[in-house]
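Student: For reference, the structure I am asking about is given below.
The values are calculated or read from the model by the stated rules, or taken from the named source; none is laboratory data. Small disclaimer: the values here were computed from a predicted structure and weren't measured. Here the Cβ positions follow ideal geometry from the backbone for every residue, glycine too, while neighbour counts run over all protein chains shown. Accessible surface areas use protein heavy atoms only, side chains included; no ligands, DNA or RNA. Shrake-Rupley method; radii C 1.70, N 1.55, O 1.52, S 1.80 Å.
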Amino acid sequence: MNPTPSQTVGPFYGYALPFPGGGDLAAPADPAGITVHGYVHDGAGDPVPDALLEFWQADASGELRGAPGTLRRDLVDGSVIGRHGVDFTGFGRVATDADGRWTLRTVMPGNGYISVCVFARGLLHHLFTRIYFGQDPFLDTVPPQRRHTLMAVREREGVHRFDIHLQGEKETVFFDFG
Amino acid sequence: MTQPLTQADIDRELREAPAGPPSGHPDRDFAPYRSSVLRHPKQPLISVKDPDAAELSGPVFGVTDVTALDADLTRQHPGEPLGERITVQGRVLDRDGRPVRGQLVEVWQANASGRYRHQRDDHPAPLDPNFTGVGRCLTDDEGRYAFTTIKPGAYPWRNHVNAWRPAHIHFSLFGAAFTQRLVTQMYFPGDPLFPYDPILNSVTDERARQRLVAAYAHELSQPEWSLGYRWDIVLDGPAATWMEEGR
Ligand SMILES: [Fe+2]
């Protein structure tokens, strides 16, 4: 069947799609928790304050089972009470802030990477990329001069930086899954 | 000083725009929509054909992720919102025509006056204290979804002088795989603003564009209550189940 075409997420998703705790895949007390953070930039190098990032990843053992309950709701008032932190849902959603910055608190994916889907005002069709935390055979399939755009930079124990450039000299590698 | 862009400038650009990809999706590089200029990659996408790719699976949602009231945007406040009450319903299918079951559908929209409940929407049209404009539901076993809401108004934006968006509802959809993710907009049939809008016309193929337009469905209208629209959605992209069957 012919697919329904994509359209931009636009500027006004902010009261609809992000939700409290959307970037907190790991329970706050999880000793294996890591922080991944960075900026989204446009082709002029300016920060993108109205991007929305979604994350999908394996748990620490590499299993991709996910679980419902990412945006668990209060049955009385419908508000988001969020994950209970016991099941790993594997899904995160974070809007960039006024500086174009995002932060994810999660666990190191057992299969080596976090999948990222990028939406933004001005972007007519979302983009997929991946965050790698070390060498991986997959990276050999990417042109060597662009490989580093898929690799997080370890800033200190448990804190990793990953910037996304939609365009320009530092343009991030984006994928087509066909 | 550059001259302000007029509708005539945009009309000319739309006429001259090259045809988009065969999939029917917009080309991310679509200058008539000015915000796209600095926000699309110029390097080609890298093709991934790994049957073990994480993206061939995806997040799952369940009954704890929604409440029954979430699908009725007219019942989220003490009073009734202003506007024309409508229902929008349809099925979510994968590209093999199979229903997408138990997955999250999210919608957001302007109110009947064309104003979003968003701090950065400064269109001088009234907010409606009885309308937020956000809904969500899970698809059923046949892939069906349904929302009750009010028909959103058209609204101005600053792409060019006198730019107006046709009335639309924003939709966000999940399939069985992250590769099937879709964010799009649903339009209403016969809107006179269609030819002027660079976002709708970023879909350059007429038939593909029609797939973004709901059908008025009289049998879905409820007597003395609401007007019915039907809109089916087909998600693109491979999924793990598809890979298994293909082996
Ligand atoms: Fe909109």
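Student: What does the charge count around A:H165 come to, taking other residues whose C-beta lies under 9 Å from its C-beta (Lys +1, Arg +1, Asp -1, Glu -1)?
Tutor: -3
Student: Would you work out which of A:M1, A:F162, A:L53 lies farthest towards the positive end of the dipole of chain A? Charges go on Cβ: Lys and Arg +1, Asp and Glu -1.
Tutor: A:M1
Student: If you don't mind, there's one more thing I want to ask. With an 8 Å cut-off on Cα pairs and a minimum separation of 6 or more residues, tell me the relative contact order of chain A in percent.
Tutor: In percent, rounded to a whole number, it is 30.
Student: Need one number: convex hull volume per residue for segment B:102-221, Cα atoms only, in Å³.
Tutor: Per-residue hull volume (Cα only) is 144 Å³.
Student: Across segment B:4-21, in residue order, what do the Karplus-derived ³J(HN,Hα) couplings come to in whole Hz, using 6.51 cos²θ - 1.76 cosθ + 1.60 with θ = phi - 60° and x for Gly and Pro?
Tutor: x, 6, 9, 4, 4, 4, 5, 4, 5, 4, 5, 5, 8, 5, x, 4, x, x
Student: Okay, moving on. Which percentage, to the nearest 5, of the DSSP beta bridges contained in chain B is antiparallel?
Tutor: Antiparallel bridges make up about 75 percent of those DSSP assigns within chain B.
Student: Next up: Suppose each label sits 7 Å from its Cα in the direction of the beta carbon; what would the A:D176-B:R98 distance come out to in nanometres?
Tutor: Calculated label separation equals 2.5 nm.
Student: Over the Cα atoms of the protein assembly as shown, Rg to Rh with Kirkwood Rh, two decimal places?
Tutor: Rg/Rh for the protein assembly as shown comes to 0.95.
Student: If B:H218, B:H168 are ordered by their accessible area, calculated over protein heavy atoms with a 1.4 Å probe, which sequence runs from highest to lowest?
Tutor: The ordering from most to least exposed comes out as B:H218, B:H168.
Student: Starting from the Cα of A:K170, draw a straight line to each of the aspartates and glutamates and keep only those under 15 Å, dropping any in the same chain fewer than 8 residues away.
Tutor: A:D42, A:D46
Student: Roughly to the nearest percent, how much of the accessible area of segment A:48-164 is carbon and sulfur, given a 1.4 Å probe?
Tutor: So the carbon and sulfur contribution to the accessible surface is 50 percent.
Student: Sequence gap at least 6, Cα distance under 8 Å: using those rules, report the relative contact order of chain B to the nearest whole percent.
Tutor: Relative contact order for chain B comes out at 26 percent.
Student: In bins 5 Å wide, starting from 0, what share of all Cα pairs of chain B does each bin hold, as a percent?
Tutor: 1, 6, 11, 15, 17, 16, 15, 10, 6, 2, 1, 0, 0
Student: Counting only protein heavy atoms, probe 1.4 Å: which residues of segment B:18-41 lose 30 Å² or more of accessible surface in the full assembly compared with their chain by itself?
Tutor: Those residues are B:H25, B:P26, B:R28, B:Y33, B:S35, B:L38, B:R39, B:P41.
Student: So how much accessible surface do B and A hide from each other in total, probe 1.4 Å, in square angstrom to the nearest 100?
Tutor: Chains B and A together bury roughly 6500 Å² of accessible area.
Student: Also, I was wondering about something else. Probe radius 1.4 Å, ligands and nucleic acids left out: which of B:E206, B:E224 has the largest accessible area, and how do the rest follow?
Tutor: Result, largest first: B:E224, B:E206.
Student: In a shell of Cβ-Cβ distance under 12 Å around B:V48, excluding B:V48 itself, what net charge do Lys and Arg (+1) and Asp and Glu (-1) give?
Tutor: Computed value for this residue: -2.
Student: ³J(HN,Hα) across segment B:185-196 via Karplus (A = 6.51, B = -1.76, C = 1.60, θ = phi - 60°), whole Hz, x for Gly/Pro?
Tutor: Each residue of segment B:185-196 in turn: 9, 9, 10, 9, x, x, 5, x, 7, 3, x, 8 Hz.
Student: Also: How many partner chain Cβ atoms sit within 10 Å of a residue's Cβ in peptide B:185-196, on average, as a whole number?
Tutor: 1
Student: For segment B:1-133, report the accessible area per residue in Å² (1.4 Å probe, heavy atoms, rounded to an integer).
Tutor: 50
Student: Summing Lys, Arg as +1 and Asp, Glu as -1, what charge do residues with Cβ under 12 Å from the Cβ of A:V107 carry, A:V107 excluded?
Tutor: Net charge in that neighbourhood comes out at -3.
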